[in-house]
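> Quick one: structure below, then a few questions.
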Amino acid sequence: MILKRNLDVEIMDYSIHHINATIKPTSGPSWLFIGFYGSPYDTPSKLHSWKSLETTATNHSLPWLVIGDFIFILHDNEKYSIQPLDSVEANIFSNKIVDLDLIDLRSTGCPFTWSNKRSGPALTEQRLDRGLATESWLLLYPNSTITILLAIGSDHHPILLNTNPHWCTGKIPFKFFGPWLDHKDCKDIVLEYWQRNLSGSSDFLIARKLKDIKLKLKVWNKEVYGNIKSNIEESKQHLHWLQENYFKNNKGEALKTANQVLREWQDIEEKFWKKKSRDQFIKLGDKNTSYFHKTTKCRLRRNNIDSIQDSTGNWIEDYQEIKQCLTNHFSKMATA
C-alpha cells in the first residue's frame, strides 16, 4: 500500500489477504479503505481469505470500500475462455457479496482485468479485480467510477478509482408517479384541468391540458406530496407526541388515526422506491424499502454513461463529447 504524505491515513489492521486503513478527508466524514487479495487456490481457500472482509464488517461501523484482486468471477461476461464459468463458485460469492450488503462499482474500459497472455484457444481473460462498497460509502461518493487502465508489465490491468469525476447531469424529465392517483388531490387536479373550456383543435386541446396538468402536479408534488421523508418524520413525531402528552377521552382514536397516516406514508415510500428500482418481482407489503433503495442505486450506477466508444473505436470520457457522440449517432439513424 502506497499513499501520499498529505493524506491522513491510519492503518488499522492487516493480514496476507487484506489491509484496513481509515481515510480521514480534510472535509467530510471518515471512511474505511480495504485493499484485498483473495486466495488464488480452490474455493475453500478463497472462502477462507474472504473471512477477513466478514471480520471487518463485524468490527467496523464506518462506510467502507474494498478494492483488489478477488480472484473469482460472477458472470459469463466476465470471462473470455473456452473453459466454462464455475457457476457454483460464482453463486457462492454472489451470495457473500449480498450478505455483506456490498454493491459492485462496475468499471469502464477493458472488460477484463487479467490475462494469461497465451495465444489461440489457450488464451483466458477474466475480470478478477473489482471494487465493492457499502451503500453508506456510495452516499458519500455517489458519482465514483472505476477505470481499467492499460496492462504493460503485469498480467493484471491496474484499476483506478475516481471518487469525484467531473460529471454533470442534465434536466430531469417529468414522470407521472402512479401512486399519486391514490391521493384525492391528484384526481381533483386532473379533473379540474381536463374539464376546462379552451378553444382550438383537438390536438392542441389535448397537448395544452396535459401540459397544464403537468405544471400543476409538479408544484403540488413539491409543496404537498413530494417530501415523503419529511412527511414520515412528521407523522412519527406526531404519534410520539400523542403517546406521551395526549390524555383526552379520544386518545385511542387519535392514536389509531396517527398510526394509519404513518402507515400510508410508509406505503407511499415503498411504492416510490419500488417504482424507481423497476423490480417488479418483489411483492409490496413486506417493507422492502431499503432493498428497493439499494436496487435503485445500483440501476442508476449501471445506467450512468462514464465513457463511450465512437464509430472509429476511440474512447470518449468528456461529458460534452459523449453528448455530441450520442446526438450524432441517433441523428444519422433518424435520417438514414
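The values are calculated or read from the model by the stated rules, or taken from the named source; none is laboratory data. Keep in mind it's a predicted model, so treat the numbers as computed, not measured. Reconstructed Cβ throughout: ideal geometry from the backbone, glycine too, with neighbour counts over all protein chains shown. Heads up: the accessible areas ignore ligands, DNA and RNA and are worked out on the full protein's heavy atoms, side chains in. Shrake-Rupley method; radii C 1.70, N 1.55, O 1.52, S 1.80 Å.
> Among all the aspartates and glutamates, which ones have a C-alpha under 20 Å from Lys332's C-alpha, if same-chain residues fewer than 8 places away are not counted?
Within the straight-line cut-off, Lys332 pairs with Asp310, Glu321.
> So how tilted is helix 228-245 from the main axis of the chain? Cα-based, degrees 0 to 90, rounded to 10.
Tilt relative to the chain: about 70 degrees.
> With the dipole of region 158-263 worked out from charges on the C-beta (+1 for Lys and Arg, -1 for Asp and Glu) around the Cα centre, which of Leu198, Asn227, Asn164 lies farthest toward the positive end?
Leu198
> Mind checking the angle between helix 251-277 and the chain's longest principal axis? C-alpha axes, 0 to 90 degrees, to the nearest 10.
For 251-277 against the chain, the angle is about 50 degrees.
> Still on this model: Could you work out how far helix 289-303 tilts from the main Cα principal axis of the chain, as a 0 to 90 degree angle to the nearest 10?
So the inclination is approximately 60 degrees.
> Taking only protein heavy atoms into account and a 1.4 Å probe, give the accessible area per residue of region 1-88 in Å².
61 Å²
> Take the chain, connect every pair of alpha-carbon atoms lying under 10 Å apart with a spring to form a Gaussian network, then pick out the residue of Phe36, Phe112, Phe174 with the largest mean-square fluctuation.
It is Phe174.
> Shifting gears a bit: From the mean inverse distance of alpha carbon pairs (Kirkwood) and the Cα radius of gyration, derive Rg over Rh for region 37-183.
Reported Rg/Rh, Kirkwood definition of Rh: 1.05.
> Taking only C-alpha pairs under 8 Å that are 6+ residues apart, what is the relative contact order of the chain in percent?
9 percent.
> Kindly identify region 133-250 as rounded, prolate or oblate by the Cα gyration tensor criterion: order the square roots of the eigenvalues as a ≥ b ≥ c, call it rounded if a/c is under 1.5, otherwise compare a/b with b/c, prolate if a/b is larger, else oblate.
Cα axes put region 133-250 in the oblate bin.
> Report for the chain the percent antiparallel among DSSP-assigned beta bridges with both residues inside it, nearest 5.
About 80 percent, rounded to the nearest 5.
> Separate question: Is the C-alpha gyration tensor of region 117-177 telling us rounded, prolate or oblate? Criteria: a/c under 1.5 is rounded; beyond that, a/b larger than b/c is prolate, otherwise oblate.
prolate
> Pick the calculated Rg and Dmax of the Cα atoms in Å for this structure from (1) 25.9, 85; (2) 22.6, 85; (3) 23.9, 86?
(1)
> Excluding ligands, DNA and RNA, what is the solvent-accessible area per residue of region 90-207 at a probe of 1.4 Å, expressed in Å²?
Here the residues of region 90-207 average 61 Å² of exposed surface.
> Same structure, new question: Rounded to a whole number, what % of the accessible area of the chain do carbon and sulfur atoms account for, probe 1.4 Å?
Within the chain, the accessible surface is 54 percent carbon and sulfur.
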